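Chemist: There's a structure below that I have some questions on.
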Amino acid sequence: MLLTIGLSLQETPFVVGKPAEGEYFVNRERELERLLLLTRGVEKAASSNSVLIGLRRTGKTSILHNLARRLRRNSRVIPITINCYGLASKSRFARLVVDTAISEYVEKTGDKAYMKRLVKVLGEKAKSAVDKVSEVSFWEFSIKLRDLRTDEDILIEEALRYVESLAKEKGVYFAVILDEFQDIIEWGRQTLKRLRTIIQDQRRVCYVLSGSATTIMHNLVYEERSPFYRQLVEIPVGKLEKDVVKKFLKSRFDFVRIKIADSEIDKIATYCEGYPDYVQRLGLELYLSVGSGGSITAAQIEKAYEGVVQSLDGEFENYFSTFSPTEREILVAIAREKSKASEIAREARKHLQNISKELRILMNYGVIERPMTGQYRMADPVLSDWLRSRFQGNTNS
């Protein structure tokens with residue numbers, strides 16, 4: 001039963017479905033401050049391009065969101081945030097970069113006349129009719145975008161060069177923030193090389209990359225063959241410490257006068273395993289169940305946790321479907337507490353040598369972990385519980 005009578009939206013102690021900010025933004029100030037120092041350095045020609053690396057649901061998007069908010073409020077650096085997850089094409093990425101740069105610039109400066117000039121530029125048939133540098137760059141990008149013969153890597157180059165030309169012409173700076181960058185990496189080494197070539201020559205634009213495919217992102221930074229080898233400052237984003245989670249939970253429950261024993265707070269923290277997203281989800285589920293001034297018991301926590309798992313059914317179903325049949329069998333086996341490669345192979349009914357590649361891929365993407373030699377486990381505890389309930393059976397069979 002939901003007990004939300006008499007509560008305003010502002011009184012909600014937890015936030016789900018959008019980036020956390022303010023009092024909901026937990027223990028990530030150090031990462032945020034480092035990013036601010038690195039990006040704002042572009043104003044003095046002293047910026048460093050950076051990369052956030054962490055598992056899914058550890059709060060990277062919230063960090064990037066707060067970075068963009070602070071840049072908009074306190075600096076001449078204009079953020080361009082692009083979510084690269086599932087982008088259909090390089091041309092779509094290029095369009096997003098240009099469109100977002102224009103909208104963020106106009107929003108920051110109030111220069112609506114510039115937008116009107118760009119609309120006029122689109123109608124010009126000859127480059128000679130355009131005189132401003134950024135407008136020429138925009139015109140060239142638009143012409144190449146309409147030409148189906150244009151190599152899509154060239155479109156990316158033109159888009160990023162447009163951002164630099166706009167920054168120079170208007171006396172501003174840009175921070176290009178690319179979330180879920182592992183999807184860009186899949187476009188191949190040649191695309192990455194061209195990206196690196198452009199990025200390293202820009203003076204008024206800095207870059208912040210972020211990715212949840214931890215091994216792939218680490219290889220981007222530290223593998224000698226990578227085009228970005230030692231070109232990025234890594235900022236790791238780990239799970240929250242248990243004491244941090246417990247302190248946050250207590251403060252949020254106190255905020256709405258919910259009574260809960262320390263042992264029950266510990267139980268919630270144990271379920272969430274340091275994932276900020278799950279802390280918010282389980283906290284909100286409990287709040288909606290007991291309401292302000294209520295009390296939380298161990299039984300209510302278990303029921304609320306089951307509710308969280310069920311609420312993620314559609315999301316997990318879609319995510320699970322992105323894996324190959326063999327990868328899905330491996331994930332189910334690991335969720336059913338098969339930790340050794342031989343056990344996983346037997347559970348998945350595959351030869352041991354036939355699952356080595358899939359295990360490596362799943363580790364590269366941060367879906368599974370190897371806490372010790374020869375042992376595997378799911379990185380996401382809630383996904384693991386969902387798989388176990390979705391594919392019920394005797395785990396000892």
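Chemist: Test Phe255 against the criterion of being surrounded by fewer than 18 Cβ atoms within 10 Å (Cβ to Cβ), without any contact (Cβ under 8 Å) to a residue 60 or more places away in the chain and among the aromatic types (Phe, Trp, Tyr), and give yes or no. Can you show your working first?
Modeler: On the way: surrounded by fewer than 18 Cβ atoms within 10 Å (Cβ to Cβ): yes; without any contact (Cβ under 8 Å) to a residue 60 or more places away in the chain: no; among the aromatic types (Phe, Trp, Tyr): yes.
Against the criterion (surrounded by fewer than 18 Cβ atoms within 10 Å (Cβ to Cβ), without any contact (Cβ under 8 Å) to a residue 60 or more places away in the chain and among the aromatic types (Phe, Trp, Tyr)), Phe255 does not qualify.
Chemist: Under the condition of being in a helix (DSSP H, G or I) and touching a Ser or Thr at 6+ places or on another chain (Cβ under 9 Å), which residue from segment 291-309 is surrounded by the most Cβ atoms within 10 Å (Cβ to Cβ)? Reasoning before the result, please.
Modeler: Of segment 291-309, the ones in a helix (DSSP H, G or I) are 298-309.
Imposing the further condition that a residue be touching a Ser or Thr at 6+ places or on another chain (Cβ under 9 Å) reduces the set to 298, 300, 303-304, 306-307, 309.
On the way: Ala298: 11, Gln300: 17, Lys303: 13, Ala304: 23, Glu306: 13, Gly307: 16, Val309: 21.
In this case the residue turns out to be Ala304.
Chemist: For segment 102-153, which residues satisfy the criterion of being among the β-branched types (Val, Ile, Thr) and closer than 23 Å to Val77 by Cα? Quick ask: steps written out before the conclusion?
Modeler: We begin by selecting, within segment 102-153, every residue among the β-branched types (Val, Ile, Thr); these are 102, 106, 109, 119, 121, 130, 133, 136, 143, 150.
Matches in segment 102-153: Ile102, Val106, Thr109, Val133, Val136.
Chemist: Quick one: how many residues across segment 249-290 are closer than 25 Å to Leu387 by Cβ and not in a helix (DSSP H, G or I)?
Modeler: Final tally of qualifying residues: 3.
Chemist: Select, from Arg336, Arg360, Arg346, the only residue that is in contact with a Lys or Arg (Cβ under 9 Å, 6 or more places away or on another chain), surrounded by fewer than 17 Cβ atoms within 10 Å (Cβ to Cβ), not hydrophobic (A, V, I, L, M, F, W, C) and not assigned by TED's automatic domain parsing to the domain that holds Glu264.
Modeler: Working: Arg336 fails: surrounded by fewer than 17 Cβ atoms within 10 Å (Cβ to Cβ); Arg360 fails: in contact with a Lys or Arg (Cβ under 9 Å, 6 or more places away or on another chain).
Arg346 is the lone residue from the list that is in contact with a Lys or Arg (Cβ under 9 Å, 6 or more places away or on another chain), surrounded by fewer than 17 Cβ atoms within 10 Å (Cβ to Cβ), not hydrophobic (A, V, I, L, M, F, W, C) and not assigned by TED's automatic domain parsing to the domain that holds Glu264.
Chemist: Being in contact with an Asp or Glu (Cβ under 8 Å, 6 or more places away or on another chain) and buried (at least 22 other Cβ atoms within 10 Å of the Cβ) is the filter; apply it to segment 67-90 and report the residue that is nearest to Tyr105 (Cα to Cα).
Modeler: Applying the filter and picking the extreme gives Ile78.
Chemist: Of the numbered conditions (1) outside the structural domain of Cys206 (by TED's automatic domain parsing); (2) surrounded by 15 or more Cβ atoms within 10 Å (Cβ to Cβ), Pro227 fails exactly one; give the number of that condition.
Modeler: (1)
Quick grid of which residues meet (1) closer than 27 Å to Glu21 by Cα; (2) surrounded by fewer than 14 Cβ atoms within 10 Å (Cβ to Cβ); (3) modelled with pLDDT under 95; (4) not polar (S, T, N, Q):
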| position | (1), (2), (3), (4) |
| --- | --- |
| Val208 | yes, no, no, yes |
| Val237 | yes, no, no, yes |
| Glu241 | yes, yes, no, yes |
| Ser251 | yes, yes, no, no |
| Ser263 | no, yes, no, no |
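Chemist: Going through Ile235, Ile216, Ile199 one at a time, which residue ends up being of a type in the set (Val, Ile, Thr) and in contact with a Ser or Thr (Cβ under 8 Å, 6 or more places away or on another chain)?
Modeler: Values: Ile216 fails: in contact with a Ser or Thr (Cβ under 8 Å, 6 or more places away or on another chain); Ile199 fails: in contact with a Ser or Thr (Cβ under 8 Å, 6 or more places away or on another chain).
It is Ile235.
Chemist: Answer yes or no as to whether Val332 is closer than 23 Å to Val279 by Cβ and modelled with pLDDT of 95 or more.
Modeler: Working: closer than 23 Å to Val279 by Cβ: no; modelled with pLDDT of 95 or more: yes.
Taking the combined requirement at face value, the residue does not satisfy it.
Chemist: Let me ask something else about it. Give me the helices (runs of 4 or more DSSP H) completely within segment 74-193, filtered to those with at least 2 residues that are among the β-branched types (Val, Ile, Thr) and under 28 Å from Leu52 (Cβ atoms), ordered by residue number. Step through it out loud before you land on a result.
Modeler: Working: elements: 90-109, 112-121, 133-146, 152-170, 182-185.
Result: 90-109, 152-170, 182-185.
Chemist: While we're on this one: If you scan segment 313-352, which residues turn out to be without any contact (Cβ under 8 Å) to a residue 24 or more places away in the chain and of a type in the set (S, T, N, Q)?
Modeler: Asn318, Ser321, Thr322, Ser342
Chemist: State whether one or more residues within segment 267-275 are buried (at least 22 other Cβ atoms within 10 Å of the Cβ) and either closer than 30 Å to Ser47 by Cβ or modelled with pLDDT under 95 (or both). It would help to see each step written out before you state the result.
Modeler: Taking segment 267-275 as the starting set, the residues that turn out to be buried (at least 22 other Cβ atoms within 10 Å of the Cβ) are 268-269, 272, 275.
Those still in the list that are either closer than 30 Å to Ser47 by Cβ or modelled with pLDDT under 95 (or both) too: none.
Within segment 267-275, not a single residue is buried (at least 22 other Cβ atoms within 10 Å of the Cβ) and either closer than 30 Å to Ser47 by Cβ or modelled with pLDDT under 95 (or both).
Chemist: List, please: which pairs have Cβ atoms under 6 Å, are six or more places apart or on different chains, and start with a residue in segment 153-176 that is over 13 Å from Tyr105 (Cβ atoms) and in the same structural domain as Ala101 (by TED's automatic domain parsing) and end with one that is assigned to a helix (DSSP H, G or I) and aromatic (Phe, Trp, Tyr)?
Modeler: Taking only residues 6 or more apart or on different chains, the pairs are Glu158/Phe141.
Chemist: Now for a separate question. Test of understanding: among Leu195, Leu160, Leu166, which residue is closer than 17 Å to Arg76 by Cβ and within 31 Å of the chain's Cα centre (by Cα)? Reasoning before the result, please.
Modeler: Values: Leu195 fails: closer than 17 Å to Arg76 by Cβ; Leu160 fails: closer than 17 Å to Arg76 by Cβ.
Sole residue among the options that is closer than 17 Å to Arg76 by Cβ and within 31 Å of the chain's Cα centre (by Cα): Leu166.
Chemist: All but one of (1) of a type in the set (Val, Ile, Thr); (2) within 30 Å of Met363 (Cα to Cα); (3) crowded, with 17+ Cβ neighbours inside 10 Å hold for Thr197, so report the exception by its number.
Modeler: Only one criterion in (1) of a type in the set (Val, Ile, Thr); (2) within 30 Å of Met363 (Cα to Cα); (3) crowded, with 17+ Cβ neighbours inside 10 Å is unmet by Thr197, namely (3).
The values are calculated or read from the model by the stated rules, or taken from the named source; none is laboratory data. Keep in mind that this is a model prediction, so the values were computed, not measured. Here the Cβ is made from the backbone with ideal geometry for all residues, glycine too, and neighbour counts use every protein chain on show.
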